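Some notes on the structure that comes next.
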Amino acid sequence: MDKLKVVLDEKDMPRQWYNLAADLPTPLLPPLGPDGRPVKPEMLRPVFPDNLIEQEISSKRWITIPDEIRQILALWRPSPLYRARRLEKALGTPARIYYKHEGVSPPGSHKPNTAVPQAWYNKQFGIKRLTTETGAGQWGSALAFACALIGLECKVYMVRISFDQKPFRRLMMETWGATCVPSPSNETQAGRDILAKMPDTPGSLGIAISEAIEAAVTDPTGQTRYALGSVLNHVLLHQTIIGLEAKKQLKKIGEKKVDVITACAGGGSNFAGIAFPFLADKIAGAQIDIIPVEPQSCPTMTRAPFAYDHGDTAKMTPLLAMHSLGHTFVPPAIHAGGLRYHGMAPLVSAAIQDKLVTPRAYHQLKCYESAVLWARTEGFIPAPETAHAIACVIDEARKAKEEGKEKVILFCWSGHGLMDLSGYDAYFRGKLSDFALPEEEMAKSLAAIKDLPKPPTGCIKR
Ligand SMILES: *Cc1c(COP(=O)(O)O)cnc(C)c1O
């Protein structure tokens, strides 16, 4: 029998996370406060617990995963590494395609890899309640799940367009005991301000983040903190368990090297998760093409500048050095809700600046077409976000065919699409169209950040 998947024993689950900050050729730029000066860690204390702030600013290469966290992750980890043999055959490619199946977690995506540790560290610190935002609902449901297992209250501000399009995600959150409201809401000043200006807004992650942070920092008991599902260093750190497992699994199946690694990138966490442990090898000289993929309608990495910008619309977060379309940007309502974010993780942005990774953007019709080919060959129905990675895999597999090269392609199958079938419905009925962000629109949202401090050009390798 041909081997189709590699499964690791629970005891082979990684015991440490990998921190790319330790190895980046150009050191990360610090986040800046409203005065343009580097943020002191204590300024983050109303928002995050001390133990997570420590991880956020850490430059230690390896950070131990507490056993209690590994015990919870063992519900679905180590996740299987599959070989996509049927897709390879359908494409007639000599490439060997491997994917990390992150859809096997209870909420169905990679997001619980960080939701569990975040809830656990907050609980350790004595926190009773977490607030957060969610786009497509995957992060909200992941945090709701983690809070249920760990014993915290959970309040989720869900981007309005997804709240309307994806009622089942909200029901998952409620099943796990969380409260979910559409954002912008009337419950926060940030929400009320936006509603007064744009009553019909589909919402955005940037707006929902403002609301969730405000709700956390204004809790008079001081026992509420905020949790972010992507972008931040500690979130990307937690996701590296994906790539660390994949390394062991590729070795176990007899692969000596990887040629191409890809994943979709919204805030950058599942991409970082699979790619960062291999980036360490690339920095040390290995030749690997590493490709984060984003939608053409929200082209943060491929068209937006590397700038200092806020992570949210109401400018509550510090300024992060990242690729950004501008914090006022409201992305078009494409179905890959998890990829509708104006910024990109500082660590991923830094890797782009250092030319270690080469981003790409795809249109949504091509992504759905790829997702359908995938479902009809490999069986599992991918999330619309994941479909962006699949489109790239198919392109790379066809390229390997043209070149007649036996390449090894690895990607992160970030989640299933069983709660996103309305997007497939729109695709099958011909209701979806491609949309590249017009230059004028980008210029408008970028104008909002033109007076913010700029990253020093001296420290950017070009
Ligand atoms: C949230 C999500 C994404 C995008 O988020 P990243 O932080 O960039 O990983 C991608 N795929 C799925 C299935 C998601 O739920």
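Every read-out reported here was derived from the displayed coordinates using simple, explicitly stated rules and does not represent laboratory data. Note that this is a predicted model, so its numbers are computed, not measured. Here the Cβ is made from the backbone with ideal geometry for all residues, glycine too, and neighbour counts use every protein chain on show.
Below, the figures for the structure above:
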quantity	calculated
The stretch 315-360: relative contact order as a whole-number percent, Cα under 8 Å and 6+ apart	38
Normalised contact order of the chain, rounded percent, pairs of Cα under 8 Å and 6 or more residues apart	19
Order of Tyr308, Tyr157 - criterion: other Cβ atoms within 10 Å of each residue's Cβ, fewest first	Tyr308, Tyr157
Sites Asp9 and Asp50 - FRET efficiency at Förster radius 35 Å, r taken between beta-carbons, to 0.05	0.55
Likely footprinting exposure, Phe435, Phe145, fewest C-beta neighbours within 10 Å first	Phe435, Phe145
All aspartates and glutamates inside 12 Å of Lys454 as judged from Cα atoms, apart from same-chain residues fewer than 8 positions distant	Asp309
Dipole in debye (nearest 20) - the stretch 110-230, about Cα centre, beta carbon charges: Lys, Arg +1; Asp, Glu -1	280
Percent RCO, i.e. relative contact order, over the stretch 110-230, from Cα pairs under 8 Å lying at least 6 residues apart	31
Local electrostatic count at Ala263 - Lys and Arg +1, Asp and Glu -1, tallied over other residues with Cβ under 13 Å	-3
Charge tally in the Cβ shell below 11 Å around Gly203, where Lys, Arg are +1 and Asp, Glu are -1, Gly203 excluded	-2
Anisotropy class of the stretch 281-405 from Cα gyration tensor, a/c 1.5 cut	oblate
222 nm mean residue ellipticity, helices alone, for the chain (DSSP H n ≥ 4; -39,500 (n - 2.57); rounded to 500)	-11500 deg cm²/dmol
Spatially proximal aspartates and glutamates relative to Lys5 (Cα-Cα < 20 Å; intrachain offsets below 8 disregarded)	Glu88, Glu102, Glu245, Glu255, Asp259, Glu378, Glu406
Cβ-based net charge around Phe278, under 14 Å, with every Lys or Arg adding one and every Asp or Glu removing one	+1
Nitroxide proxy distance, nm - points 7 Å out along Cα→Cβ at Glu187 and Trp62	4.2
Subset of Lys247/Lys405; Lys100/Lys315; Lys355/Lys450; Lys407/Lys431; Lys11/Lys401; Lys11/Lys257 violating a 32 Å alpha-carbon distance limit	Lys100/Lys315; Lys407/Lys431; Lys11/Lys401
Gyration tensor verdict on the stretch 381-462 (Cα atoms; rounded if a/c is under 1.5, prolate if a/b is larger than b/c, oblate otherwise)	oblate
For the chain: rounded, prolate or oblate by the Cα gyration tensor [a/c cutoff 1.5]	rounded
Lysine pairs within the stretch 110-230, Cα separation less than 19 Å, 8 or more sequence positions apart or different chains	6
Dimensionless Rg over Rh [the stretch 110-230; C-alpha; Kirkwood]	0.96
Rotationally averaged projected area of the stretch 20-81 (alpha carbon convex hull; nm²)	6.6
Ranked packing of 289-297, 24-32, most packed first, by mean Cβ within 10 Å	289-297, 24-32
